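Heads up: the structure comes next, in structure tokens.
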Amino acid sequence: MNAHTILRAVCLPVIFLMVAAAGPGAERTGLRITYPPDNSVTRFARTRIAGSCAPPCRVSIQGNSVRVYPTGAFVGLVPLNEGENVIEVLAKKGREERRERIRVTCRDPLVSSPVSPLTIDGRMGEPAVDTVLCAGDELRVQLKGSPGMKAFWSLGGLVQNAPLREMAPAGEDLLQGIHGIYRASYRIRAGDHIEKTRVRFRLASGRGEESSAFSPGRVTLLPREELTKGEVSAEGAILSGEPGGERAWELDRGARVNICGDAGGCYRLKLSKGERYWTAKEFVKLLKGEGGWSAVCIGEPSLCRSEGGARLSVPLSGAAPYRVTQAERKNLLVLELFGTSPPRETINLKGVPPVEAVEFPKAESDAVRIVLYMGDRAQWGYRCRRTNEGIELHVRESPGREIGKLAIVIDPGHGGTQIGAVSPTGLQEKELNLMVARAVAEYLNARGARAVLTRNADETLTLAERIERARAARADIFVSIHHDSRPGHCDPMKRRGARTYYGIPHSRPLAERIIKKISKTGMKSNGSAQGNYAVILPPEYLAVLVECGYLSHPRDEEMLVRKEFLTELGRAIGKGIVEYVEKHG
Ligand SMILES: [Zn+2]
């Protein structure tokens, strides 16, 4: 905050006090607020306040004293009222005093509805937009209102007073801690027919009070599967379980799809009987013609040796959507081809290293699966792509146990204009990431490896550029370095420690080994987990994202503020990589 904003932010008598207190006092307390930025806007009804002073110092936020850590850091969580809030932080050092104020606007906050009077909150009703679905799909409805009540829903003549279930408050999303969210779903049957009708909700207290409301969106249910043909017209069409929801996987350009529903800006795609997903309309071009696509035929597949591994080629008569998955804990790769009919003749393919055996399990009516068994070999990645003839799946073999033979790419997260998280004393994530990443590369290069950084300066890089640089370096292993921070509305004291993430199951053992080494530095370990982060989703190499600790937690910050500790973290990550290669290469 600069002097000008302080002057604008406070009323006249306070300006007078501040002028009186300026000079040596202002210098000595060293008070500064590092989070949130002044004049920020949030939908949450509370915010973290973080900052630092020159200890020994006493600090209070809105009149409540908070702990000051040896680094001078302090954090607090303050409730917000709807509209503009002025938050005051006061630091005292001896007789010196300094006040800082910041403004945080809470707009349209989501809070639990009151138990009394009986209330339905119109904002959270679902379907939120006009929705078209057909037989075989599921209609999901949601109501927000007074918690602890009985809730029912009706839809035209089809659903009469069916119950909704109140959900337990959610974790860290917008609904965090909010009670009174009721949900239900309905499986659409053949013959069900509804035209542009709103869902009617009824909330009853059991003491005779009742309230009712309609969903914002209107529902159309088609009695048959009225499929429409479409084609993926842009690269990277993201599929999700809910309209606009979290990424489940992606379709590539050119894939032909059957459209079986519509909600706001999204289409519902039916890939096979049990596989339906939402995608944004901008990814799909509608094609003329009645009905859906007929099944794509599969020609005779082959498995042969190719550079650095084996290649499975599957000829297809059309551009069927496909997906490659790995079962957690089982060493196999599954290629699924949707909307396809299996080859007529039985197919026997002999294994080619690193693939030990290939199997075609009995096909479901409209999806064919091909399973590649990898035996005892660790997986080192794969690449699947559409060609003019069909689908090609390239499976990589191990690059060997000599660390010097591997290309290792270390990616310091953020950089340039992307600062990342900020600690109470003002440490910037982008800088810490770079220091740790340099220490990892130094450790590896001293052992003869070819470790390169995606950035070695304070440079702004997009996620796609990081992936491009890893591909250009022909990475065998990719490790992205980050530091964590709690969302602004969460209690910063409730999380600390490091965690490693893998996007694809084949990277899980590497993630586990790295976190084990980090735990030996004294940083708390939160283990490893699957994470949907773009940089670790490319499947062609092993990819792990490391969150080295929480910058929002003053105790973690105490460790991360020491340069020697960052070097130690880098060495630990490097050791984890070397050990993994020596064991699984
Ligand atoms: Zn980060």
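The values are calculated or read from the model by the stated rules, or taken from the named source; none is laboratory data. Model, not experiment: these values are computed from the prediction. Here the Cβ positions follow ideal geometry from the backbone for every residue, glycine too, while neighbour counts run over all protein chains shown.
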Out of Val324, Val352, report the one residue that is away from the ligand (no atom under 16 Å from the Cβ) and either surrounded by 23 or more Cβ atoms within 10 Å (Cβ to Cβ) or under 31 Å from the mean Cα position of the chain (by Cα) (or both). Val324
Those residues of region 192-213 which are in a loop (DSSP other than H, G, I, E, B) and either in contact with a strand residue (DSSP E or B) (Cβ under 9 Å, 6 or more places away or on another chain) or within 21 Å of Asp130 (Cβ to Cβ) (or both) amount to Asp192, His193, Ser205, Gly206, Glu209
Would you check which residues across region 436-495 are within 16 Å of the ligand (Cβ to nearest atom), of a type in the set (S, T, N, Q), without any contact (Cβ under 8 Å) to a residue 60 or more places away in the chain and closer than 23 Å to Ile518 by Cα and list them? Thr454
Residues of region 533-549 classified as surrounded by fewer than 24 Cβ atoms within 10 Å (Cβ to Cβ) and away from the ligand (no atom under 14 Å from the Cβ), total: 4
Any residue in region 399-409 that is within 16 Å of the ligand (Cβ to nearest atom), more than 30 Å from Tyr277 (Cβ to Cβ), at pLDDT 95 or above and not polar (S, T, N, Q)? no
Taking region 416-434 and the residues there that are of a type in the set (A, V, I, L, M) and within 18 Å of Pro36 (Cβ to Cβ), the one that is farthest from the ligand (Cβ to nearest atom) would be Leu427
Any idea which of Leu427, Leu453, Leu463, Leu432 is modelled with pLDDT of 95 or more, surrounded by 23 or more Cβ atoms within 10 Å (Cβ to Cβ) and not acidic (Asp, Glu)? Leu432
Sole miss for Arg189 among (1) in a loop (DSSP other than H, G, I, E, B); (2) buried (at least 16 other Cβ atoms within 10 Å of the Cβ); (3) charged (D, E, K, R) is condition (2)
So if I check each of Gly404, Gly420, which one is part of a helix (DSSP H, G or I) and not hydrophobic (A, V, I, L, M, F, W, C)? Gly404
When you scan region 486-542, how many residues do you find that are in contact with a Ser or Thr (Cβ under 7 Å, 6 or more places away or on another chain) and assigned to a loop (DSSP other than H, G, I, E, B)? 4
Considering only region 541-572, state which residues are of a type in the set (A, V, I, L, M) and touching a strand residue (DSSP E or B) at 6+ places or on another chain (Cβ under 6 Å). Leu542, Ala543, Val544, Leu545, Val546, Leu551, Leu560, Leu569
